[in-house]
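Below is one structure, written out as structure tokens; comments come after it.
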Amino acid sequence: MIISRLVVLGLLSSLVACSTIDPYTGEQKTSNTAKGAGIGALSGALLGVATSKDKSKGAITGALIGGAVGGGVGYYMDRQEAELRTQLEGTGVKVRREGNNLRLIMPGNITFASGRAEINAGFFEVLNSVGIILKKFEKTSIKISGYTDSTGGDRINQILSEQRATSVGQYLFSRGIKATRIQTTGYGSRHPIASNSTAIGREQNRRVEMELLPV
């Protein structure tokens, strides 16, 4: 019981110590590295207690191993996020952090013309910037999802969304990203992020999202 309390106190102390100021919002937050380390350490400690005859030693060993693994993933994704934000600033691409996953939202005004699956010429430079970072951070898998606006029928939109995701995947492959890292999916006009009743809304829905997941 004493050891368990010490482990918990240690985790809380590490989370407080790793609290920083978010450069994009100005708010104080706990780094994802610290969160990952804390979750990993707690999970490791519980596993160590459950599988070891010496409960105290098992908790400490498990916490150390779990914290190292969890913190390493968080730190890796922190670095990738920072470089993506720097490269994509001012491009119109949104970078969203979801735990240890990263999501890049690429709207229609820079990706595809209405009813087309050919990448806009102006979007190549953006994809080139993304490709540079993806080559550097190889320990992430890449899920590319294509979306359309509501113009046209469901069958056409489904095919078009799949073609858009494939176009982006093939372009990244041409830039040296391994095919084994890339997965493409189309969702048609499902999951809109804006109203399809306006031209601006349809442009936002006509998008590609790229999810980067640690492996």
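Quick notes on this structure:
- Some residue of segment 154-164 being more than 17 Å from the chain's Cα centre (by Cα) and closer than 14 Å to L212 by Cα: no
- Counted residues, segment 149-163 - those being at pLDDT 95 or above and either buried (at least 22 other Cβ atoms within 10 Å of the Cβ) or touching a helix residue (DSSP H, G or I) at 6+ places or on another chain (Cβ under 7 Å) (or both): 3
- Residues in segment 176-193 that are within 11 Å of S150 (Cα to Cα) and not charged (D, E, K, R): 4 in all.
- The numbered conditions (1) in contact with a helix residue (DSSP H, G or I) (Cβ under 7 Å, 6 or more places away or on another chain); (2) modelled with pLDDT under 95; (3) not in a loop (DSSP other than H, G, I, E, B) are all true for Q204 except (1).
- Reported count of residues in segment 91-115, each being more than 16 Å from the chain's Cα centre (by Cα), in contact (Cβ under 8 Å) with a residue 12 or more places away in the chain and assigned to a loop (DSSP other than H, G, I, E, B), is 9.
- With respect to the conditions (1) farther than 20 Å from T184 by Cβ; (2) touching a Gly at 6+ places or on another chain (Cβ under 9 Å); (3) at pLDDT 90 or above, N109 falls short on a single one, namely (3).
- Pick from segment 106-148, criterion of a type in the set (S, T, N, Q) and in contact with a helix residue (DSSP H, G or I) (Cβ under 8 Å, 6 or more places away or on another chain), ranking: farthest from M77 (Cα to Cα): S114
The values are calculated or read from the model by the stated rules, or taken from the named source; none is laboratory data. None of these values were measured; they are calculated from a predicted model. Cβ sites come from the backbone with ideal geometry, for glycine too, and all protein chains shown count toward neighbours.
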